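Below: one structure, written as structure tokens.
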Amino acid sequence: MPPIEKLVAHQFDDADQQRHASSLGMWLFLATEVLFFGGLFLAYTVYRYSYPEAFHAASSHTLLWVGTLNTAILLASSFTMVLAVHAAEHAHRRTLFWLLIATAALGTGFLLFKAYEYAHEISEGLFPGPQFRIEGAAPAQARMFFYLYFVMTGLHALHVTIGIVLLIYFAVRSLFVSLTRSTFSTAIDLLGLYWHFVDIVWVFLFPLIYLIGRHA
Amino acid sequence: MNKPSAIQLYLRTALILMGLLVVTVAVAYINLGSYSTPVAMLISVIKATLIILVFMHVRHAAPLITVVMLAGFFWLAILLGLTLSDYLTRHVIPF
């Protein structure tokens, strides 16, 4: 392996400080993202506390097998992503390229299953609106569950989409860029942080959407 | 940290995460009454902690990174905690 070429911008003392500053910037962004999603989790908590029966009944209308499969897909994609970060640090070009593509493919699989579930729910009349109908729950209260469901999973799906675009962009770039540049492995590292964050959001969304009231 | 051990650690973590997914789905079918959601959230917190420490490399990160990460969750705790201190103590919910 050739020695890592240190490209240091003039405001930094050394490459380590530069990498640390980039990492810190990404973590600050992720802290704002925690609060961005946090507002929606708060709305969910308040409405579920107010309408517990309707939320339990509405939750059982979601497709548990899609939710479970999608959780497994995202966890697997976090595994391929962390291997990609590892490959970037060790300048293994071919491995890095295919791991980024694998992560993007898993993300795309997640979106396809989510789209299938959305189509199923819309055909069942579960999309909030004038045509909303549901069996076994107070419609106005259950509609609140599905309103939060579509906004929270929709915002999450938007994050997954942005992640896939970035993964493909960096996969293509990884074929041409000099991998001995420390700045490129930093970029892959930061992309990894973003992707794992999106995974973590889903780890909390999954039980709150799919698993409440399953034992009833 | 040498190369094979890092990959082994990632693989073990991924397998534990998949195991916890199976556990959380299985537990959802058991009637735990009011403990259902706290148990599900506890499993989610364990999964998130594993992802943050291992996949996001926080266990090797500089102290400042750890502080920023914890600050994000601390602000979230303020958001949830102060709002719920209102809702959970009201006798009449105004909507």
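The values are calculated or read from the model by the stated rules, or taken from the named source; none is laboratory data. Fair warning: this is a prediction, and the values are worked out from it, not measured in the lab. For neighbour counting, all protein chains shown are included, and Cβ atoms are generated from backbone atoms with ideal geometry for every residue, glycine included.
Got a sec? Which of A:PHE55, A:PHE29, A:PHE12, A:PHE79 is outside any loop (DSSP other than H, G, I, E, B) and surrounded by fewer than 20 Cβ atoms within 10 Å (Cβ to Cβ)?
Details: A:PHE55 fails: surrounded by fewer than 20 Cβ atoms within 10 Å (Cβ to Cβ); A:PHE12 fails: outside any loop (DSSP other than H, G, I, E, B); A:PHE79 fails: surrounded by fewer than 20 Cβ atoms within 10 Å (Cβ to Cβ).
Step by step, each of A:PHE55, A:PHE29, A:PHE12, A:PHE79 is checked, and only A:PHE29 is outside any loop (DSSP other than H, G, I, E, B) and surrounded by fewer than 20 Cβ atoms within 10 Å (Cβ to Cβ).
Look at A:ALA104 and say whether it is over 12 Å from A:ILE188 (Cβ atoms) and at pLDDT 95 or above.
Values: over 12 Å from A:ILE188 (Cβ atoms): yes; at pLDDT 95 or above: yes.
Judged against the criteria, A:ALA104 is a match.
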- Query: Among the listed residues B:TYR29, B:TYR35, which satisfies the condition of being facing chain A (nearest Cβ under 7 Å), of a type in the set (Phe, Trp, Tyr) and either touching a Ser or Thr at 6+ places or on another chain (Cβ under 9 Å) or loosely packed, with under 15 Cβ neighbours inside 10 Å (or both)?
  - Reply: B:TYR29
- Task: Confirm whether B:THR24 is assigned to a helix (DSSP H, G or I), touching a helix residue (DSSP H, G or I) at 6+ places or on another chain (Cβ under 6 Å) and surrounded by 10 or more Cβ atoms within 10 Å (Cβ to Cβ).
- Result: yes
- Message: Among the residues in region B:71-93, are any surrounded by 10 or more Cβ atoms within 10 Å (Cβ to Cβ), facing chain A (nearest Cβ under 7 Å), aliphatic (A, V, I, L, M) and in contact with a His (Cβ under 8 Å, 6 or more places away or on another chain)?
- Response: no
- Message: Can you report the number of residues in region A:202-216 which are facing another protein chain (nearest Cβ under 7 Å) and surrounded by fewer than 21 Cβ atoms within 10 Å (Cβ to Cβ)?
- Response: 3
- Note on the structure: When every residue in region B:40-56 that is more than 9 Å from chain A (Cβ to nearest Cβ) and not hydroxyl-bearing (Ser, Thr, Tyr) is compared, the one farthest from A:VAL203 (Cα to Cα) is B:LEU53
- Evaluate region B:63-80: report whether one residue or more is in a helix (DSSP H, G or I), within 28 Å of A:VAL82 (Cα to Cα) and touching a residue at least 12 places away in the same chain (Cβ under 8 Å). yes
- Item | Single match in A:THR108, A:THR68 (criterion: touching a residue at least 60 places away in the same chain (Cβ under 8 Å), β-branched (Val, Ile, Thr) and either surrounded by fewer than 21 Cβ atoms within 10 Å (Cβ to Cβ) or within 29 Å of B:LEU20 (Cβ to Cβ) (or both)) | A:THR68
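Looking only at region B:49-58, decide whether some residue is closer than 29 Å to A:LEU193 by Cβ and of a type in the set (S, T, N, Q).
yes
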- Which is over 20 Å from A:VAL66 (Cβ atoms) and in a helix (DSSP H, G or I), of A:ILE200, A:ILE101, A:ILE122, A:ILE209? A:ILE101
